[in-house]
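The values are calculated or read from the model by the stated rules, or taken from the named source; none is laboratory data. Note that the coordinates shown come from a computational prediction; the quantities given were computed from them, not determined experimentally. Cβ atoms come from the backbone with ideal geometry, glycine included; neighbour counts cover every protein chain shown. Just so you know, the surface numbers come from the protein's heavy atoms only, side chains and all, with ligands and any DNA or RNA stripped out. Shrake-Rupley method; radii C 1.70, N 1.55, O 1.52, S 1.80 Å.
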Amino acid sequence: MKKTYIVIGASAAGIGALTKLRTLDNTATIICVTAEKDMPYNRCLLADYLAGTKTIDDVSTKKSDFFAANNITLMLDSKVIKIVPDHHKIILHSGQELTYDKLFIGAGRSTGMPKIPGSELDGVFPFYDLRDVTKILDYITQYQPKKAVIIGAGLSGVECADALTNHGIPVTIIERAAHALPNQLDPAGAELLTRIMQSKNVIVRANASIQEISCDKNTSTIDKRVAHVILSNQEKISCDLVIFAIGARTNSWLASDAGLEVLGNGIKVNDFMQTSNPYIFAGGDICMVKDKLTNDVIQSCLWTDAMMQGMTAAHGMVGVSKEYAGTLIVTSSHIFDTTFVTCGPVTNSSHTYQEVIKQDDTFYHKFLIHEKKLKGFIMVGNVDNVGKLRKLMQEQTEATL
């Protein structure tokens, strides 16, 4: 009997799942349901699109002809509000119900504007999806802002700042933590990157938080554009563009409401990407997976990992046994003409490691060693040996640095 597979989400995990499903079962009904209004795209490339270094075609992952050629139904602008496992069905925000034989959840994360006074003003945007970036670009074209403030100096915030410099816009980044990229870099690595950012007209205000966004008092009621942000210490920073690069939440509520087992903010899955319900699988940053290095259960936000998790789940959905090997979190980016790469527990670890540090004015390297094996590294600037280091991490052979 012909099976029906439903895939929730059209990002990396969802695309990996539906592509492999069609390869493994060429007669099944495959339906991809996504809350996105646009055709599937690579969220990791949004900063490049904002910078103007990539086009919409460059960030696109699958076009309409792919779905037509593979007889896959793509339902855009269709938010799933409920999963009913006992009846093998999902319910959409429109009220429509769809039934499945096997279900894949790759719903990832969602975001919204934080409830800060003034966040409704013109010129204030989130930075999360393609629609956000399109609105920011339209605003830049129309108003040619002279100074931007970005809230959040995590990876997306720093990449967004780099993109804005391509438009000649100076940027101030507001960050609650003690330094930029607190989840990727230690203080010394962040200090080098911050100096480089300053040379590109980007200032990081660490240990700071925003309290209010305001417009000019003499502005008309029609034109309510942002003019300042006010920090918690009452400092006022002038700007005419504000971007929030914070606040994405894992959509694991969808699973927990359906009675699936969750761990923290993610769905619990086994080595085959199967949830606590044998008919439901999951992948991407909505689920918890095994860290190859520590065997801890963690969330992975890597595009390649999500694709692999989706493909692994597809095997299980058609009854073919295939294990997911786990993840090794490697974060890298090329920003402000500088490349950085981090891997392993470089910012927060319960273990005590030997630290080997090499640095000068142009680069910073930190290596974590335990029993002569590489357990983590930070590289800012010179990343020539990163391939060798990743291999040492994967194989856990004796390291000579």
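Annotations for the structure displayed:
- Among residues of segment 157-176 being touching a Gly at 6+ places or on another chain (Cβ under 9 Å) and either without any contact (Cβ under 8 Å) to a residue 12 or more places away in the chain or open to solvent by 10 Å² or more (accessible area, probe 1.4 Å) (or both), the one that is nearest to residue 341 (Cα to Cα) is 175.
- You will find that of 73, 111, the residue that is under 30 Å from residue 223 (Cα atoms) and either crowded, with 19+ Cβ neighbours inside 10 Å or of a type outside the set (Gly, Ala, Ser) (or both) is 111 and no other.
- Which listed residue is of a type in the set (S, T, N, Q) and farther than 21 Å from residue 53 by Cβ, from 165, 111: 111
- Residue selected from segment 285-306 under the condition open to solvent by 40 Å² or more (accessible area, probe 1.4 Å) and of a type in the set (Ser, Thr, Tyr), by the criterion modelled with the highest pLDDT: 304
- Index of the failed condition, residue 295 passing every other in (1) on the phi > 0 side of the Ramachandran plot; (2) within 20 Å of the chain's Cα centre (by Cα): (2)
- Checking each residue in segment 236-264 for being over 30 Å from residue 163 (Cα atoms) and open to solvent by 70 Å² or more (accessible area, probe 1.4 Å) picks out 253, 257, 261, 264.
- Segment 76-89 residues that are under 13 Å from residue 105 (Cα atoms), paired with ones that are part of a helix (DSSP H, G or I) and not hydrophobic (A, V, I, L, M, F, W, C) (beta carbon under 7 Å, 6 or more apart): 82/257
- Condition broken by residue 324, with the remaining ones in (1) open to solvent by less than 40 Å² (accessible area, probe 1.4 Å); (2) not in a loop (DSSP other than H, G, I, E, B); (3) not β-branched (Val, Ile, Thr) satisfied: (2)
- Criterion (farther than 28 Å from residue 249 by Cα, touching a residue at least 60 places away in the same chain (Cβ under 8 Å) and either of a type in the set (Ser, Thr, Tyr) or open to solvent by 10 Å² or more (accessible area, probe 1.4 Å) (or both)) met by exactly one of 342, 331, 338: 338
- Top-ranked residue in segment 88-120 [being at pLDDT 95 or above and of a type in the set (A, V, I, L, M, F, W, C); ranked as farthest from residue 251 (Cα to Cα)]: 98
- When the residues of segment 263-272 are filtered to those that are touching a strand residue (DSSP E or B) at 6+ places or on another chain (Cβ under 6 Å) and part of a loop (DSSP other than H, G, I, E, B), the one that is modelled with the lowest pLDDT is 265.
- Strands (runs of 3 or more DSSP E) wholly inside segment 1-78 that include at least 3 residues being under 20 Å from residue 284 (Cα atoms): 4-8, 29-33
- Residue 206 open to solvent by less than 20 Å² (accessible area, probe 1.4 Å) and closer than 15 Å to residue 149 by Cα: no
- Beta carbons closer than 7 Å, at least 6 apart along the sequence or on distinct chains, pair a first residue in segment 246-262 that is within 13 Å of residue 285 (Cβ to Cβ) and part of a loop (DSSP other than H, G, I, E, B) with a second that is at pLDDT 90 or above and open to solvent by 20 Å² or more (accessible area, probe 1.4 Å) for 248/128; 251/107; 252/262.
- In segment 189-215, the residues that are closer than 21 Å to residue 166 by Cα and touching a residue at least 60 places away in the same chain (Cβ under 8 Å) form Cβ pairs under 8 Å with partners that are surrounded by fewer than 18 Cβ atoms within 10 Å (Cβ to Cβ) and β-branched (Val, Ile, Thr), at six or more places apart or across chains, as follows: 197/203.
- Residues in segment 76-99 that are under 28 Å from the mean Cα position of the chain (by Cα) and either open to solvent by 50 Å² or more (accessible area, probe 1.4 Å) or hydroxyl-bearing (Ser, Thr, Tyr) (or both): 76, 77, 78, 79, 81, 82, 93, 94.
- Pairs where the first residue, in segment 110-133, is touching a residue at least 24 places away in the same chain (Cβ under 8 Å) and the second is of a type in the set (S, T, N, Q) and assigned to a strand (DSSP E or B), C-beta under 7 Å, 6+ apart: 118/214
- Residue check, residue 5 closer than 22 Å to residue 304 by Cβ and in contact with a helix residue (DSSP H, G or I) (Cβ under 6 Å, 6 or more places away or on another chain): no
- Answer residue from segment 307-321, given it is small (Gly, Ala, Ser) and either open to solvent by less than 10 Å² (accessible area, probe 1.4 Å) or modelled with pLDDT of 95 or more (or both) and is farthest from residue 158 (Cα to Cα) among those: 319
- The criterion of being on the phi < 0 side of the Ramachandran plot, open to solvent by 80 Å² or more (accessible area, probe 1.4 Å) and without any contact (Cβ under 8 Å) to a residue 40 or more places away in the chain holds for residue 385.
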